[in-house]
Amino acid sequence: MMLPRWISPLALGLGVAALGALLAGSPLLRGAQEVERTSPPEPRVRPEARLVPQRQWEYRQLPCMPTAPLARERGDFADKLNEDGKRGWELVSLVELWPATGRECLLATFKRQVLN
């Protein structure tokens with residue numbers, strides 16, 4: 001690059017330095033520097049956990065009741081389940097078992113909340 005004779009390399013260096021000083025005070029560069037200087041946002045802190053009292057449960061199982069092919073006997077089993085439901089017991093599992101006797105039976109498990 002050919003510079004005019006009246007501009008010396010020293011003058012060119014001083015001009016570039018002056019231009020840099022002017023731009024250093026400009027809002028464009030200041031904004032970039034402020035972004036670098038700002039601290040990262042504070043980490044979020046979880047609110048304190050509130051302790052909720054845990055529910056207490058009591059459990060009960062009916063003796064293994066043989067499954068019966070007769071509708072009348074099945075109705076008796078349903079009546080027994082309904083009676084327990086009226087007393088606050090909730091049926092949580094009904095398992096079909098084959099004990100050593102070789103007869104199929106149903107094992108019913110109930111739960112209900114303990115009231116303090």
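Values quoted throughout were computed directly from the atomic coordinates according to the rules given, and no laboratory measurement underlies them. Predicted model only: the values in this text are computed from it and were never measured. Neighbour counts are summed over all protein chains in view; Cβ atoms, including those assigned to glycine, are modelled from backbone coordinates with ideal geometry.
Numerical summary
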| quantity | calculated |
| --- | --- |
| Paramagnetic reach from Glu90 (point 7 Å along Cα→Cβ, amide N under 20 Å) across the stretch 38-56 | 52-56 |
| Farthest toward positive dipole pole in the stretch 74-116 [+1 Lys/Arg, -1 Asp/Glu at C-beta], among Pro99, Phe77, Gly88 | Gly88 |
| Protection proxy ranking of 76-85, 95-104 - average other beta-carbon atoms within 10 Å, highest first | 76-85, 95-104 |
